[in-house]
Structure formats: structure tokens, C-alpha cells
1. Could you give the spread of the C-alpha atoms of segment 184-300 along their three principal axes, from largest to smallest, in whole angstroms?
2. Which one of 829, 807, 847 has its Cα pushed farthest toward the positive end of the charge dipole of segment 792-858, where Lys and Arg give +1 and Asp and Glu give -1 at the Cβ?
3. Using 7 Å Cα-to-Cβ label points, what is the residue 428/residue 773 separation (nm, one decimal)?
4. In debye to the nearest 20, how big a dipole does the chain give about its Cα centre with +1 on each Lys and Arg Cβ and -1 on each Asp and Glu Cβ?
5. Using bins 10 angstrom wide from zero, how does P(r) for segment 639-750 break down, in % of all Cα pairs?
6. How high is the FRET efficiency between residue 238 and residue 330 when r is their beta carbon distance and R₀ equals 25 Å, given to the nearest 0.05?
7. Order the following by accessible area, largest value first: 183, 458. Probe radius 1.4 Å; ligands, DNA and RNA are ignored.
8. Evaluate E = 1/(1 + (r/R0)^6) for residue 171 and residue 481, where r is the Cβ-Cβ distance and R0 equals 35 Å; express this FRET efficiency to the nearest 0.05.
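The values are calculated or read from the model by the stated rules, or taken from the named source; none is laboratory data. Keep in mind the model is a prediction, meaning the values are calculated, not measured. Heads up, the Cβs are rebuilt from the backbone with ideal geometry, glycines too, and the neighbour counts pull from every protein chain shown. Heavy atoms of the whole protein, side chains included, go into the accessibility calculation; ligands, DNA and RNA do not. Shrake-Rupley method; radii C 1.70, N 1.55, O 1.52, S 1.80 Å.
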Amino acid sequence: MPAADHRLITCCRQYRFIILCISCFFLAEIHTCFGRVLTSELNSNWRFRKTGDKEWLPATVPGTVHTDLLDNKKIPDPFYGTNEKELQWIETCNWEYELWFNSNAEIISSYHCELQFEGLDTYAKVYLNDSLILVAENMFRTWSIECNKFMKPEKNHLVIIFESAVKRGNQEARKNTPTLPGEEKVYTRKAQYQYGWDWGPRFAGFGIWKPVKFVAWTALRINNVQLSHELLSDSVTEISAVLDVAADKASMVYIKIVLEGAAKDSFYFEQPLTLPLTENIEVDFEINNPMLWSCTGSGKQNLYRVTIQLMDPERESDVFRTSYGLRKVELVQEKDKPGSSFYFKVNDEAVFMKGANWIPADHFLPRVTKNKYRELLTAAKDANMNMIRVWGGGVYEDDAFYDICDSLGILVWQDFMFACAMYPGDSSFLANVHSEVIDNVTRLRNHPCIALWCGNNEIDEGWKNWGWQKQYKYSAKDSAAIWKNYLGLFHELIPGLLSQLDPSRPYWESSPSIGWGHEESLRSGDSHYWGVWWGMQPFEMYMKKTGRFMSEYGFQGMPSMKAIEMFAATGERKLNSAAMKNHQKHPSGFETIEHYMHDWYKKPKDFESYVYISQLLQAEGMKIAIESHRRAKPYCMGSLFWQLNDCWPVTSWSSIDYSGERKAFYYVSRNSFQKYLISVVDTGTNFSVYVVSDDVIDQKAKLKITVLDFLGNVLSTEVANATALKNASVRCYSNRLDEMRSRYNPFRTVIKLELFKGDTLLTRNLYYLNKPKDLLLEKKDIDVIYDFFNDNSDGILKLTSKNLSKNVYLDTPGHETDFSENYFDLLPGEIKTIHFQTSLSEAEMKSQLVIRTVSDTY
Ligand code: BMA
């Protein structure tokens, strides 16, 4: 019986203390031996094979069957070319993993011995010395199995047999009528994207995808701790720690709690434990002068280091460590004239959420390292984001992901792992989900970054708007039964568990609550607006279709050449090659890009130009969307685009591709999410300028409007007063656009908008009187001055241009160089300073730097 099943221990808590403001108490003499919970990792020396094969091959744990086959050179790179198609046989087989490990008689006789599996993907039977000790059926669960009676003093044999999830899913689907949308995958509690998505390949994998541990403990152990708090006043916070403790005999223990922040606070409690322990232990205490945690842009990310130690003076002890942030996050939904608000308050301040949707950072999950998390999340923070949505077709991410979000101040909108399908409602499925929710909420609830739990992605919308009921020919009775199951899962089971496990966090059943085809979707709840892209509406439609909280919208751009080279041989680097097509998973993706490109850009002359222009196109669309959302503040209070990252090299909606390259869209999102934004609305006849501010104070500023031609001649200059009102969007200037169009040559004019506070430039934006395809751009004429710093790996470039250079893209093909900015417009006469870090020498950099602009592409 997995230990997690015992973790939901309800409210009545026998042990309750309120200790007021104690610092450095007595009992310092108690020894702090932590040694009686022994943990060893069992992640080395695994072997694997296909069931039925004789030969065992070395395996990596944590890992997957696909990556183990690749490491053993049994299959080619699954991401390359069209290899995906040839590797589908893997999902239909069963696979076995085995390990021999040592133990000793003393441990087995005097300790509780447990095998812990932090993640098994998915249908797995685990045998220890030929005895079946676990039948696992959920990739998202963790398992702790008491194993003393199966252990041998010396060599122990652990075998895990993975059954084909696809076959099992299909069997279930055949058994269950009517067929559910989502079919084979919805019966299996496994990451749904693995069955293929419109940005990802199909590799329905297997494997020990998280660490395996052997844990031996005696006397007592802390299973987990739930921390919660209430900000009583500016100077006092009450914290509650609820300990789930396992103990095998009655004893007296001391609980020592240490909080280290700016000052160190220690609290000691004396606690008799009486067996059997049927209830959790709650300890409440207060701290003075709490240092609050806030999301980035709104305050500091103060984190306390919390150590909770159980000490038995005579013998054993255990320790639990975590970091913890004191903050208040609320979801405010108040009825108003149009519908109802949907915004987050952080520490009592309304905060506009700027961010993106997150999908798994590698299709093969164990390849996602802490560094990869850090790189992507730091890039998000650098792009002025304060919220990431962990989308429901992926996975509950690793602890490291949430630790990094805590430290960077990125709030997390956390979906449960259900997406775009209907799910069963039988008792065994529900019991499985019940345990999954307990495991994951228990694991994650102490993270200050988590702002919201959300039941699923696009299921309510799918059921009501995507034609499933017709497609699957459901009778009224079928529909009623399927919808009842939906309500049971997302309106009862999950919120019911959350009310016990994590009552202070908001819960939202489905993202979005109303489909984008309905006007009401813009009046309340969160919105996924896909009229642009899926609905083929023009980019300008973003200006009209702004809801209360835009949790999805997006447009595809091709990945960098670096990412394309990861999967396409030289001859395959063209749009209609088999490799390119296999790395475009949207059914009409290239046609859709082409359709919009025709509207905005001249036909690119070659493949590399096409890649570059497709990125500019994506960036254009997203700039219009983000600026519209921010201008609509406070009606709209969130803008999370689809999607931050990729799980393999692919043409997709991402702003950062799988190779780590930032697309043009990344830089546009960074600019458009700045604290201050100048944004222009073109109504056809009028030109209005808005100043949007996420600041907490008003800023008296001036708006400078300079009209230039493409050779840098200043045609007019105007300065207007423009106070950037705190947390607001204000229209602060307007002019006749038709007049401007007739006064200046609209094909050769750029309007530079700058917001100054004194001499300090707060932000700037550029505006053109025509779409890029109609601009009369001159031939590129850029000068570069290089300044290498001492160690030669970094330095600055100073760029100047004799005429307007549109979307300057800097690259050193085949070599790693990071540029602080890219894809920027360079105005004639200005000096652009770009910092770089490179693997090239000064001479190589000078000879290999390639500069591309729009005028080079046709
Ligand atoms: C959204 C997501 C994904 C999908 C994306 C692009 O609706 O929820 O399911 O990948 O659109 O089509």
C-alpha cells in the first residue's frame, strides 16, 4: 500500500500550541543527530531489455526506454528527420529494468525498509526478489513500499516490468463505451503530450523517469510538513506547521523549528507522541517583522530557510528542510457591469500578470536538467514576466522548477494534468486521480510561487464548442453521463481534496471557462483567444478581442537555423522536405503562416530568409496582442502567451526554441512586457498614444514624438505631458493619422515615441505608417565597431546605419554567441550598443558575424 494514501489526515489536530515570539529558547544541549533516517539513491547499475529479448543493456535512471535505446545505439536520434515514424514500434512492446543491490542483516532487522519510486512511467509491476511489491498505474504518483519482508541480507534483485501504455489504453477504450474524445490516452494517467500534440512528436514512452531511493528509518520519521501562514499585521505573522509523522513506539520528542531570514528565529516545543499516531501534529507560532515574498516587479523575493527537527534525546531524530515565503495571493472575481473581474492581488496590490504557457522542456523528461529550468525561467524573468502557466497536457514539474520560480519571483498558474479530452469517471480511475492529487499538492503546496490550481486545459471549452458530441454520435444519455463524470472530477473530487490539503489557494475548474467563439468569453473568467491563428482572423483582431485575463493566444514562428540543423540535413532545409514537414505538427501550419505572411511581408527569397521573416511575422502579431492586453488594463489584468518553450526542435508558437535560441518574438515580448509601455492605436483616421504603467507610484513624464524619414531626417518633433499613472493605462496623446499620412511619405516614415522622466528614458517604441511589405527600405548599410574585453570571450558591438535598418539580426552561424538584443530596428544616426558573449576569437568574430535585415530577404 503506497504511503501517500495515508497522507490525507483531516483537520482535528490533537496537538496544538501557540507560542508567541520566542527566540533562541532552551534545550540547546539536545544532540542533533539526524542519522536514523538513512537514504541511499538506487540510480546506478540498472539494465534494461525488451521483454522477450535475452540481452540486457545498460540503462540510465532516471531515464526512459527511448533514451536508453539511443544511448546504446540501438535506434537513431528520435528527433532527427522523420525517425519519429520509424520508432513507433517501441510503444507497442513491453520493457524490463533490473538492478542488483546490497543490503545487510542489521538494517533489515532493526529498520523500516522502504523502496521509494518518485516516478514510474506508467504501467509498472515491481518485483523485489521475485515478489510483486507494487503495481503502479500513474506516472504522476510517488510510491513508498515497505519491503523488509522481501529483502535479503546481501544481494537483492529489483525488477520493473513496464507494459505498453498504448495497448493498455486501447484495451480500456474498447471496454468502455461510448468512446471518449481523447480515446486511448484518457484512460492512462500519463503525460498526454506524449501521444503527440500540435507542437510535439508522438513517443508514448516508458521508464523510471524519476529517482529511486532506498530509505531505512527507525523510531520516527517526518513524512511531510504543511506550512501555512496568516499575515496578522505588518509586524506579525502567524505560521502553522502541520507535521505528518510516522512513529513506531510511544516516546517523548522535541520539535525544534528554526526560521532563518534577515534574523534567525528558533522555536522549541516539547511533544509527547502516543501511539498509534492517528493525527498530524500542528504547531502554531508567530514571528515579528515578517519579510514578505512578492512576485518579480512587485517586491523582493524574501525566502525563509525553515528547518524542522524531531529530536528524541535518547535516540533518533529526523529533519525536514524547505524554503518558505510569506505572501498573500488572491484571485479576485467581482461582478461588474460587463461580467466579472479576473485578477490576482499579491500582498493586497492588484498585479497585471505578464507571462507565458509552459510545456515540458524536453519530450524526454529526465533530460530536463536544473540548468535547463534555470535558463528558461531566467529568460522569462528577463523578459519581464511574472507568471508562468504550467499547462495541463504536460507534467507536474520537478521540485527544482518551483524552487527556481520561488527564487525568481515567478508566480505559477498550475494546471492539473488533464487537457483537451473527456476523462472516465469510474471508481478506479477516480481513486487513481485522488492519490495523484494528494501526492502532488502535498509536494508543491509550500511553494510561495504557486498562485492558482486549475482543473484542466480546454475541456469545458472543448465539450461545449468543438463538436465532440456530434463527432462521436453521443445520445443525450451518453452526453449526460460524460458531463457528469466531468463535474465529478473537476467540480467535486479535485476541489474537495484541495479544501483539505491546501485551503488557502484559489481553484479554477477549467482554463478557459468560456470558448473564444462566444462574446461572453471576453467579459468574465480567463480567455484563450485563438481567432488569430486557428480562426485565421487578422492580427488587428487582437485589439478587439481582449478579455479579463488572456491565458492563451499565439502565433507560430519557425525555429532558428541552429534548431533546424538539429533535425534536417542540408538538402532537407526547405519547407516541403519530409523532415521540415515532420517538424510542423499543426495540420495546416505552414499554410497559415503563408497566409499571414502574404499580408505583412514580401515573399522571402530563400529558406533562411523565410525562417527569419516567419519569426518577424510571429513577433508582429504578438506585439499587437500584448500591447492590446496591456492597454486594456484594468479591464484586462493578464497576458500569458502560448508558448514559452519547445520540447523538441519544431515550428511552433514558442518564443524560445529547443536549441535555446530566442526567436524574434522573445525580444518583442521583453519590450512589450516592460514596466512602462508606450503603445499606439491606429483607428484608421486617428493615432492615439497610450502610456501603460505597472509601477506602484505615479511618474510625471514627458512623451517625445519624433517623425523621421528612413534617411534620418527629422520631419517633426513634439513633446507632450504624459504622467504614467500607477498601475494604469492612460491615453495621453492623439493626432490625425490621415493628415500625417498625407504630410509625410507613409512608405518612408517612422515615428519614434519616447517616454522621459527628466533626462532618463523610461521606454520607447517605434511606429510605422505601413506594413513592412510596403515600406521602401534602402539597401543595408551598417557599420560595426568591435570592442573585445580582456578575456576575449565577451565585449560590445557598436552598430550604426546610414538608413533605417529594419529588424537587424546578428548571428555567428555554427558558433555560440549571445547578443543582449536582436532583431531590433536601427534608426539612421543612432548608435546601438550590443553586449555579446562568444566562443569565437576576435578575428573569427569579425569574419563570421552575419547581419541580416528585412531588405536582404527579397
Ligand atoms: C492551446 C493549447 C494547446 C495547443 C495550442 C496551440 O489551446 O491548450 O492544446 O497546443 O493551443 O494549438
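1. 54, 48, 22
2. Comparing the listed Cα positions along the dipole, 829 ranks first.
3. Result: 5.7 nm between the two label points.
4. On the way: 96 positive and 109 negative charges, 397 e Å.
Dipole about the Cα centre, nearest 20: 1900 debye.
5. P(r) over segment 639-750, rounded to whole percents: 12, 30, 29, 23, 6.
6. Working: r = 18 Å, r/R0 = 0.71.
Using R0 = 25 Å, I get an efficiency of 0.90.
7. Correct descending sequence by accessible area is 183, 458.
8. 0.95
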